[in-house]
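Engineer: Here's a structure for you.
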Amino acid sequence: MNTRPVVLVLLLLVLVITSQFEWKQQIGDAADADPAAARRRQQLLAREDAVKEKIILSQEKNIQQLNQLIESLQRQLLHCRGSNNTVHTTTVPATEVGEVEEHETIEDENR
């Protein structure tokens, strides 16, 4: 006697679940048949594409600006290295001259 109510409940659950799937499918088909809804979906997709394109263009612009900044910094670095090399080459002989003069004065004092 207990098996009969259990079987009926299971059949009822199967019926409810299958009817839900059919109902959702009918709603989806009705939405596809509605031209206004299809047009709205197309407009939304077009807007999304436009926004994505604007984001990509903005990112490309930022990348170009960063590349220009990198080039500028590289030029400044090369300029600084060049200036640093000329400072070292001009100061080295000056210190050598100072050392030579110092040796001459020490030798003059010893005489």
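A short reminder: the numbers here are calculations on the coordinates, not readings from a lab. This is a predicted model, so every value here is computed, not measured. Counting neighbours? That spans all protein chains shown, and the Cβs are built from the backbone with ideal geometry, glycine included.
Engineer: Please arrange R47, R41 by how many other C-beta atoms lie within 10 Å of their C-beta, fewest to most. Spell out each step's value before the answer.
Structural biologist: Working: R47 10, R41 13.
Arranged by neighbour count, lowest to highest, R47, R41 become R47, R41.
Engineer: For the range 66-79, take each phi angle, set θ = phi - 60°, evaluate the Karplus expression 6.51 cos²θ - 1.76 cosθ + 1.60, and give the result in whole Hz per residue in order, putting x for glycine and proline.
Structural biologist: Going residue by residue, I get 5, 5, 5, 5, 4, 4, 4, 5, 5, 4, 4, 5, 4, 5 Hz, with x marking Gly and Pro.
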